[in-house]
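Below is one structure, written out as structure tokens; the observations come after it.
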Amino acid sequence: MALHSLNLTLFLSLLSLSTLALSLTPFSPVDNHLLDCGSTVPSTLDDSRRFVPDSSASPLSIPLRNQNPNPNSPQIYQTARIFRRPSKYEFQIRDPGTHMVRLHFQSFNSCNLDWSTARFHVLVNGFVALKVNNSVFDGVSGLMIKEYLIWVSNEKLVIRFIPFEKSCFAFVNAIEVVSAPKDLVADTAMYVSDGKVSGFDGLARQAIQVVHRVNVGGSKVTPFNDSLWRTWSTDEGFFDLGLGSERVYFGGRVKYQAGGASREVGPDNVYNTARLIRSRNDSVVNVNMTWVFPAVRGYKYLVRMHFCDIASTSLGLLYFNVYVNGKLAYEDLDLSKAANYMLASPFYADFVVDGDDSDSLSVSVGPLKASMPYAVDGILNGVEIMKLNNSVGSLDGEHCAEWVLRSWPRGHVSVLVPLVAAACVLLSLSMVTRRRIMKKKESVAWTKLPVDVS
């Protein structure tokens, strides 16, 4: 379609302008707060990062140590900080912009706690980030790491832990607050809805939760091998292995270039592996590769798809369609043109899609009429699924941060709850109005890819 071709041209132009400064030097964040909560001594992980004790924590909180730790467990999971009442961490910020926030949770045996009463909210800079409302921590359970991308415009980032009620408690084992590279989250993406693709503005200032980060066709990537200390899982739990695709591994050098994805957007270990569709004879195969991910209704999702042509023998051979939730997101993607006519050069595309109609979200690539026989007819190297905050500023539930803060038992709850609910409605209306105003700009682009505790 002509509109899609125009969108790609605009995307590449804006992408080049916004990412001319490409650096292959290791990323060194300006803000790099790493806390080992409840500990009295520093902890060093396998990736050489050093977590410091949260020694200035409120005297009303409780440090907890695992008396029988797993010897193979990282030290940050051998202690925790317990909160019986609303508490907060305040982090000083020197580099305004997007920050990566990771929260680590790991319960362990303790005769002093009933982990089924670990029921709480977590607020990050005024957004509801997490709601724990079940017995997931009843006894010794698996590790849970929640990752967020949060815009910070002032000199402070605040994380609050709010127990549901006085009989409950909140806890955390470790916290990361790290400034992100400037090209990690752009302000625009492509909004894919029924029958059309349009611009989505204001993305960078949304609260974003990373839900799935997948290395397509490759092995698991650990924080040790990622310059932003991320984990990329394999795609085998999301991909239908019976679709006749093949894996490919590239042993050469991934060629990062200005206008494409940087090493911080995606590491070499993601771009040097892929799944692909290949025509073995004089006819083009009629099949799509599809990945399906669990999703929550009522939220918009940012879908980031990573591409790098590591399979073609020459330029101008790889053309395919891209689909998100079964809708055509890009028709006739010319990967050579998108990568500035260089093989093994990565780029990525950002799409925003509604998650209203089902409990899953799908991404697909597949051949088109222009695809060539005896050639690669579709490729994908990586995919990230990220949830955007809803109209009341929440990533987990229908209550706004003001409601959560005011719901802590203070008396006169019957009068307070309706007032706070009304405030949430007003907040929702203001956010919807802001979204409509920003959409009127008709900006169409693709995306390239010390602590005070009280």
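The values are calculated or read from the model by the stated rules, or taken from the named source; none is laboratory data. What you are looking at is a predicted structure, and each value in this text was computed from that prediction instead of being measured. Here the Cβ is made from the backbone with ideal geometry for all residues, glycine too, and neighbour counts use every protein chain on show. What goes into the accessible areas is simple: the full protein's heavy atoms, side chains included, and nothing from ligands, DNA or RNA. Shrake-Rupley method; radii C 1.70, N 1.55, O 1.52, S 1.80 Å.
Scanning residues 5 or more positions from GLY259 or on other chains, those with amide H under 5 Å from its amide H are THR19, with H placed 1.01 Å from N in the peptide plane.
Modelled spin labels at ASN286 and MET144, positioned 7 Å past Cα toward Cβ, are 4.7 nm from each other. Computed on protein heavy atoms with a 1.4 Å probe, the accessible areas place CYS111, CYS400 in the order CYS111, CYS400, largest first.
If R0 is 35 Å, the Cβ-Cβ spacing of ARG297 and GLU236 corresponds to a FRET efficiency of close to 0.85. For ARG263, ARG49, ARG205, the ranking by accessible surface with the largest value first comes to ARG205, ARG263, ARG49, using a 1.4 Å probe.
Reducing region 324-388 and region 262-314 to their Cα centroids gives an inter-centroid distance of 6 Å.
If you sort THR231, THR44, THR273, THR313 by accessible surface, 1.4 Å probe, largest first, the order is THR313, THR44, THR231, THR273. Positive end of the dipole of region 136-253 (Cβ unit charges, origin at the Cα centre): among GLY251, GLN206, PHE171, the Cα lying farthest that way belongs to PHE171. Residue-wise HN-Hα couplings along region 248-258, as the Karplus relation 6.51 cos²θ - 1.76 cosθ + 1.60 with θ = phi - 60° gives them from phi, are 9, 10, 10, x, x, 8, 6, 9, 6, 9, 4 Hz; Gly and Pro carry x. Out of every Cα-Cα pair in region 181-274, what percent are more than 21 Å apart? That tail contains 48 percent of the Cα-Cα pairs. Treating each Cα of region 46-92 as one equal point scatterer and applying the Debye formula with no solvent, the log10 of I(q)/I(0) at q = 0.23, 0.31, 0.33 Å⁻¹ comes out as -0.98, -1.22, -1.28. Extending 7 Å from the Cα toward the beta-carbon at both ASP332 and LYS255 defines two label points whose distance is 2.5 nm.
The ellipsoid that matches the Cα gyration tensor of region 36-155 has semi-axes, each √(5λ) in whole angstrom, of 24, 18, 14, with the longest given first.
Overall size of region 319-370 from C-alpha positions, given as principal axis extents largest first: 39, 24, 12 Å. A straight chain from ASN340 to LYS369 at 0.36 nm per residue would run longer than the Cα-Cα distance by 8.2 nm. What share of Cα pairs, in percent, lie more than 17 angstrom apart in region 67-116? Of all Cα-Cα distances in region 67-116, 55 percent exceed 17 Å. Surface exposure of region 320-381, expressed per residue as accessible area with a 1.4 Å probe, stands at 32 Å². Rolling a 1.4 angstrom probe over the protein heavy atoms, how many square angstrom per residue are accessible across region 244-295? Value returned for region 244-295: 44 Å² of accessible area per residue.
Carbon-plus-sulfur accessible fraction, region 169-260 (probe radius 1.4 Å, protein heavy atoms only): 49%. Computed over every Cα-Cα pair of region 229-312 and binned at 5 Å starting from 0, the pair-distance distribution P(r) comes out as 3, 10, 19, 21, 20, 15, 9, 3, 1 percent. Over all other residues within a Cβ to Cβ distance under 11 Å of MET342, the charged ones net out to +1, with Lys and Arg as +1 and Asp and Glu as -1. Remark on ILE208: its backbone amide H falls under 5 Å from those of LEU149, a criterion applied only to residues 5 or more positions apart or on other chains, H modelled at 1.01 Å from N. Across all Cα atoms of region 117-236, the radius of gyration (one decimal) and Dmax (whole number) stand at 17.4, 50 Å. Solvent-accessible area assigned to carbon and sulfur over region 66-137 amounts to 40 percent, based on a 1.4 Å probe. Over all pairs of different C-alpha atoms in region 269-362, the reciprocal of the mean inverse distance, the Kirkwood hydrodynamic radius, equals 14.9 Å. Counting heavy atoms of the protein chains alone, ARG304 has an accessible area of about 10 Å² for a 1.4 Å probe.
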